[in-house]
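These notes concern the structure reproduced below.
None of the figures in this text is laboratory data; all of them are computed from the coordinates on show. Remember, predicted model here, so these are calculated numbers, not experimental data. Cβ sites come from the backbone with ideal geometry, for glycine too, and all protein chains shown count toward neighbours.
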Amino acid sequence: MACCASPFWALAPFRPGLASSSDLTTLDDILHDRTLPAFPKPYPRVLFIMGGGGKIRYPTHVWSPAGGWYSQPANWKANTAIIGLVGFGIAAMAFSVSAQKETRTKFPEQGRFFPSRWWSKQIVEHEKELARETKS
């Protein structure tokens, strides 16, 4: 029973029940040797402890909109709102520049749904001219 308590690499060369350790000559003898533990532990128990270990040290003064060292800072909602407003502002400016530079060679048909009627100055002026022509 003492052989089962120690790891398999620490077994003595002489095994009880055998005349000598040289009696294990074939693979079948080695596989059916009952003096070895059934499931030897190849590594010390400490190596089976899993996980990332203890909490690592980090500088507490680090700040970024993404959250610094960890992804859930105390003010994550405010950071998200700030980034959302900045993104919306950039998109609004890009939309405004695009609407100012939009030019048309062919205007949409009257009565059809065309979303850029709401912001394209060229289409608005064209529709005003059409309205003046129909009045006269």
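A few remarks follow.
- Only residues that are outside any loop (DSSP other than H, G, I, E, B) and out of contact with any helix residue (DSSP H, G or I) (no Cβ under 7 Å at 6 or more places or on another chain) were counted in segment 104-123, giving 4.
- Annotation: of all residues in segment 108-136 being on the phi < 0 side of the Ramachandran plot and among the small types (Gly, Ala, Ser), the one that is surrounded by the fewest Cβ atoms within 10 Å (Cβ to Cβ) is Ser136.
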